[in-house]
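For reference, the structure I am asking about is given below.
The values are calculated or read from the model by the stated rules, or taken from the named source; none is laboratory data. Bear in mind that the values here come from a model prediction, so they are computed numbers and not experimental data. FYI the Cβ positions are ideal-geometry reconstructions off the backbone, even for glycines, and counts take in every protein chain you see. Note: areas computed on protein heavy atoms with side chains; ligands, DNA, RNA excluded. Shrake-Rupley method; radii C 1.70, N 1.55, O 1.52, S 1.80 Å.
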Amino acid sequence: MPLLEIQNLSVDFATAHGKFRAVDGVNLTVDPGETVAIVGESGSGKSVSMLALMGLLPWTATITADRMALDGRDLLTMSKRQRRSLAGKDIAMIFQEPMTSLNPCFTVGFQIDEILKTHMSLTRKERDRRAIELMSLVGIPSPESRLSAFPHQLSGGMSQRVMIAMMIACNPRLLIADEPTTALDVTIQAQILELLLTLQQETGMALVLITHDMGVVAETAQRVVVQYAGQQVEARPVLDLFDMPRHPYTQALLAALPERATSQHLPSIPGVVPGQFDRPAGCLFNPRCEYATDLCRSTPPVVRDGALCHMPLDDAGNPTQPKILAEAAS
Amino acid sequence: MFRYTLNKVALTIPTLIGVTIVAFAFIRLLPGDPILLLAGERGVTEERYTQLAAQFGFDQPLWQQYLIFMGNLLQGDLGNSFVTKQPVLTEFLARFPATLELSIFAMLLALIVGLPAGVIAAVRRGTFFDHTLMTVSLTGYSMPIFWWGLLLIILFSSILGWTPVSGRISVMYFFDMPTGLMTIDALFSGDKGAFRSALSHLILPSIALGTIPMAVIARQTRSAILEVLGEDYIRTARAKGISAWRIVGLHALRNALITVVTVIGLQVGVLFAGAILTETIFAWPGIGKWMIDSIYRRDYQVVQGGLILIAGIVMIVNLIVDFLYGLINPRIRHTRG
């Protein structure tokens, strides 16, 4: 049984100009101990879909899904209280900005202690011991003295380590890491990523890694979900996806990796992710897609070959015939 | 922390000097001659007038009068009242407990109502409660104290008869007052009736005086909490599965208090300004009423001395607030340590 099942998740935000659909029909399953990466540009709904799972979206958001379950337990029908008892215990999440994600008014020790106190029935002494153990687990030097430090006394990398220590405190089954290295130094990025993977292997928790760095995906994940403008455009095992991308967007993302560049200039994808007011008709990616046809500009695609595309790419990376034409030909 | 303290204290000196100039100059800008006012309807002969003017030092040029005043002030001498001949400091100390008691009750009322109201309004933003509170607090903030105080007296004292009209305690009670705070002294005297009387006399003045700080605190708390609730660390706290009331009451409030405490400190100045009106309406024998009476009598020494003392207290309170600020906000404590 998968640990996490999400079917047809959509999130709408009520804005001053009407509804805006930030996440559109996303599916995700995560098996115990598995690492799944969600990639996509900024504004593709990666974070929002995971915040919806955590129940952390503001009240302006409306969440709909056919199914959302953790370990077979239905999250949709659960009371708020039950949902809260899962957050921080069974599912935990770390965020993009470690420097602002810790409360500036409380010491590191207090903030780690708080999550232990909320979910575990431990004595004060046991909690203290656990906090020190967690701090050394995430590689913080002299953990005893760091417990009384305030967040502003820590660097970004240290803050993220504290966040990780705090969020794995109750041995979660699933850890969601929302671009955990984006705000950090390049040298620190690798360390934090390394730490996450080590912890995952040691504890056996599943990891959902939100990122826009394809390089990170290749190093870490077993499966990849590519999101674009709130839609899931491709979801496949990592090696297949890297070797033979089916969706033109995935292909373009991979082509933009420096290590894959064949010419002097790094290829890029022209344009930006559509927002609330410039959503195109048909396929949402069509204005930026080099293979777009009139069909793509008029009709929304359905999933074919694991990709949300009228003409998913073949193994050689060339677009195939649209289904309607293919059927007509046969 | 020591340097931080020294810095803060040093910064009050120029302000205090400014206060002495303002206090000295403004009362003298008012038309009216203290000697003629002192003489009353019978008037005064020219000879006697010159004699009195020389006695009070009014025959000297203004700048010299100021220097004399400053010289005495530096020796801790605020001068004597023209009218009562008592030292200004003695008169002040006799009346200050009344004002202190009134201010404490007004501030407590403002905090007890204002803080929770602001927090609830922030959490329930956009609801009926929020809109009502914001409207009521704006009304309260805009209500002139003299008008609001009279309305309270008319309703609660005249029509309903629930509270006394004026004064600090019913005349039938008498006891020693070591602290000068009527409620506490009444409590120590062991007379329950006296305590109840003292308390009932405090209710209306406290409401009249506390309304503006209450409105300001409620609005400031609301906006501070709203701002804090959007912060990343609140999302973290929710991701930890902490209960909603703990998130608002601990994680959000603790951060919001940083701004609210500053506002509370500033309200102390507002309280003293309001005390002048409140004490006049409710015949409350505190420094506000004392100042007003002295201004009517052109009692220069009392007005300038009283102003300096009040300004000094406001500054001390704000200094204390600055240190509280350091206690609440660890970033300040460490960076300036």
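Cut-off under 18 Å on the C-alpha distance; same-chain residues fewer than 8 positions from residue B:85 excluded. Which aspartates and glutamates are left, in chain and number order?
Partners found: B:33, B:77, B:293, B:299.
Please give the average number of partner chain Cβ atoms lying within 10 Å of the Cβ of each residue in A:102-114, rounded to a whole number.
4
Right, here's the next one. Which of rounded, prolate or oblate describes the range A:206-320 when judged by the alpha-carbon gyration tensor and an a/c cut-off of 1.5?
Because its axes are fairly even, with a/c under 1.5, the range A:206-320 counts as rounded.
Using only alpha carbon pairs under 8 Å that are at least six residues apart, calculate the relative contact order of chain B and give it in whole percent.
Reported as a whole number, the value is 29 percent.
Still on this model: For helix B:62-74, report the angle its Cα long axis makes with the longest principal axis of the Cα atoms of chain B; keep it between 0 and 90° and round to the nearest 10°.
Approximately 60 degrees, to the nearest 10.
Computed over the Cα atoms of the range B:60-133, what is the convex hull's projected area averaged over all directions, in nm²?
With every direction weighted equally, the projected area is 9.2 nm².
What is the distance, in nm, between label points placed 7 Å from the Cα along the Cα-to-Cβ direction at residue B:173 and at residue A:142?
Those two pseudo-labels are separated by 5.9 nm.
While we're on this one: Using every pair of alpha-carbon atoms in the range A:5-127, split the distances into 5 Å bins beginning at 0 and state the percent of pairs per bin, rounded to integers.
2, 9, 16, 19, 19, 15, 11, 6, 2, 0, 0
Taking Cα atoms of the range B:1-70, Rg/Rh with Kirkwood Rh, to two decimals?
Checking Rg against Rh, the ratio lands at 1.23.
While we're on this one: Would you mind counting up the charge near residue A:240? Only other residues with Cβ under 12 Å from its Cβ, with Lys and Arg at +1 and Asp and Glu at -1.
-1
What residues does the range A:137-173 have that are buried by at least 40 Å² of accessible area in the full protein assembly compared to the chain on its own, 1.4 angstrom probe?
Output list: A:150, A:152.
Could you list, bin by bin from short to long, the percent of Cα-Cα pairs of the range B:184-332 in 5 Å steps?
Percent of Cα pairs in each bin: 2, 8, 12, 13, 14, 13, 12, 10, 7, 4, 3, 1, 0, 0.
Restricting to Cα atoms and excluding each atom paired with itself, what does the Kirkwood estimate give for the range A:114-207 in Å? Let's see the in-between values first.
On the way: mean 1/r = 0.0724 Å⁻¹.
Radius from the Kirkwood sum: 13.8 Å.
Using amide H atoms built 1.01 Å from N in the peptide plane, name the residues 5+ places from residue A:29, or on other chains, whose amide H lies under 5 Å from its own.
Residues meeting the amide H criterion: A:6.
Kindly provide the GluC sites (Glu not before Pro) of the range A:1-59 that DSSP labels as loop, not H, G, I, E or B, and whose Cβ sees at most 15 other Cβ atoms within 10 Å.
On the way: sites: A:5, A:34, A:41; in loops: A:34, A:41.
Those satisfying the criteria are A:41.
Quick one: what Rg and Dmax do you get for chain B from the alpha carbons, in Å?
Here Rg and the maximum Cα pair distance are 23.8, 86 Å.
Wrap a convex hull around the Cα atoms of the protein assembly as shown, take a quarter of its surface area, and give that in square nanometres.
43.3
A further question follows. May I ask for the angle, rounded to the nearest 10°, between helix A:186-203 and the longest principal axis of chain A, with both axes built from Cα atoms and the value confined to 0 to 90°?
Long axis of A:186-203 versus the principal axis of chain A: about 80 degrees.
What is the sum of charges around residue A:224, taking Lys and Arg as +1, Asp and Glu as -1, for the other residues whose C-beta is under 14 Å from the C-beta of residue A:224? Let's see the in-between values first.
Details: positive: A:46, A:223, A:236, A:246; negative: A:34, A:213, A:219, A:234, A:240, A:243.
Charge balance in the 14 Å sphere: -2.
Over what distance in Å are the Cα centres of the range B:190-242 and the range A:13-62 separated?
That distance is 38 Å.
Let me see the pair-distance distribution of chain A: every alpha carbon pair, 20 Å bin width, integer percents in order.
30, 55, 15, 1
What list of ³J(HN,Hα) couplings, whole Hz, do you get for the range B:92-100 from phi and the Karplus terms 6.51, -1.76, 1.60, once you set θ to phi - 60° and write x for glycine and proline?
Rounded to whole hertz, the list is 4, 5, 5, 9, 4, x, 4, 5, 4.
Moving on to the next point. Can you grab the distance from the C-alpha centre of the range A:244-275 to the C-alpha centre of the range B:83-132, Å, no decimals?
Between the Cα centres of the range A:244-275 and the range B:83-132 lies a distance of 64 Å.
Sorted from largest down, give the three principal axis spans of the alpha carbons of the range B:275-337, whole angstrom values.
51, 25, 12
So, one more: Nearest 100 Å² is fine: how much accessible area is buried between A and B, summed over both sides, with a 1.4 Å probe?
2400
Separate question: Tell me which chymotrypsin sites (Phe, Trp or Tyr not before Pro) from the range A:265-308 have a DSSP coil assignment and no more than 11 other beta carbons within 10 Å of their own.
Qualifying residues, ordered by number: A:277.
How high is the relative contact order of the range A:215-311? Use alpha-carbon pairs under 8 Å, at least six apart in sequence, and give a whole percent.
Values: 122 pairs, mean separation 23.3, N = 97.
Reported as a whole number, the value is 24 percent.
Also, I was wondering about something else. To make sure I understand the rule: partners must be lysines, Cα under 22 Å from the Cα of residue A:117, and not fewer than 8 residues away in the same chain. Which ones qualify?
Straight-line reach from residue A:117, under 22 Å: A:80, A:89, A:125, B:240.
With the crude spin-label approximation of a point 7 Å out along Cα→Cβ, what separation in nm comes out for residue B:26 versus residue A:266?
6.4
List for the range B:222-266: residues with 40 Å² or greater reduction in accessible area, all protein chains versus chain alone, probe 1.4 Å?
Residues losing area: B:232, B:233, B:235, B:236, B:238, B:239, B:240, B:241, B:246, B:251, B:254.
Output the relative contact order of chain A, whole-number percent, from Cα pairs under 8 angstrom with separation of 6+ residues.
Working: 603 pairs, mean separation 64.0, N = 330.
Relative CO of chain A lands at 19 percent.
For residue A:176, which sequence-distant residues (separation of 5 or more, or a different chain) have an amide H within less than 5 Å of its own amide H, given hydrogens modelled in the peptide plane?
Residues meeting the amide H criterion: A:92, A:93, A:94, A:208.
Which of A:190, A:292, A:261 moves most in a GNM of chain A, Cα contacts under 10 Å?
Highest fluctuation among the options: A:261.
Considering only A:263, A:79, A:121, give the residue with the highest GNM mean-square fluctuation for chain A, with springs between Cα atoms whenever their separation is below 10 Å.
Looking only at A:263, A:79, A:121, the biggest GNM fluctuation is shown by A:263.
In degrees, nearest 10, range 0 to 90: what is the angle between the Cα axis of helix A:124-137 and the longest Cα principal axis of chain A?
50
Now a separate question. Just to confirm, what accessible area per residue do you get for the protein assembly as shown at 1.4 Å probe, in whole Å²?
Solvent-accessible surface per residue comes out at 48 Å².
Please work out the Cα center distance from the range B:14-66 to the range B:248-270, rounded to the nearest Å.
Between the Cα centres of the range B:14-66 and the range B:248-270 lies a distance of 43 Å.
Another question, if that's okay. Residues with beta-carbon under 14 Å from that of residue A:275, excluding residue A:275: net charge, scoring Lys, Arg +1 and Asp, Glu -1?
Local charge sum for residue A:275: +1.
Moving on to the next point. Return the long-range amide H neighbours of residue B:169 (sequence gap of 5 or more, or a different chain), with a cut-off of under 5 Å between placed amide H atoms.
HN-HN under 5 Å from residue B:169: empty list.
Send over the semi-axes of the range B:94-139's equivalent ellipsoid, whole angstrom and largest first, taken as the square roots of 5 times the C-alpha gyration tensor eigenvalues.
Equivalent-ellipsoid dimensions as semi-axes: 31, 10, 5 Å.
So what J values fall out for the range B:180-194 if you push phi through Karplus, 6.51 cos²θ - 1.76 cosθ + 1.60 with θ = phi - 60°, rounded to Hz, Gly and Pro as x?
So the J values, rounded to whole Hz, are x, 8, 4, 5, 5, 5, 5, 5, 6, 5, x, 8, 5, x, 5.
Show me, for the range B:319-326, the HN-Hα J-couplings you get by feeding each phi into the Karplus relation (A = 6.51, B = -1.76, C = 1.60, θ = phi - 60°), rounded to Hz, glycine and proline as x.
My calculation for the range B:319-326 gives 4, 4, 4, 4, 6, 4, 4, x Hz in order.
Keeping the other protein chains in place, figure out the carbon and sulfur percent of the accessible area of the protein assembly as shown, with a 1.4 Å probe.
The computed percentage sits at 61.
Loop only by DSSP, 12 or fewer other Cβ within 10 Å of the Cβ. Give me the chymotrypsin sites (Phe, Trp or Tyr not before Pro) in the range B:26-124 that pass, ordered by residue number.
On the way: sites: B:26, B:49, B:56, B:58, B:63, B:66, B:69, B:82, B:92, B:105; in loops: B:58, B:82.
When the chymotrypsin sites (Phe, Trp or Tyr not before Pro) of the range B:26-124 are filtered for loop state and at most 12 Cβ neighbours within 10 Å, nothing remains.
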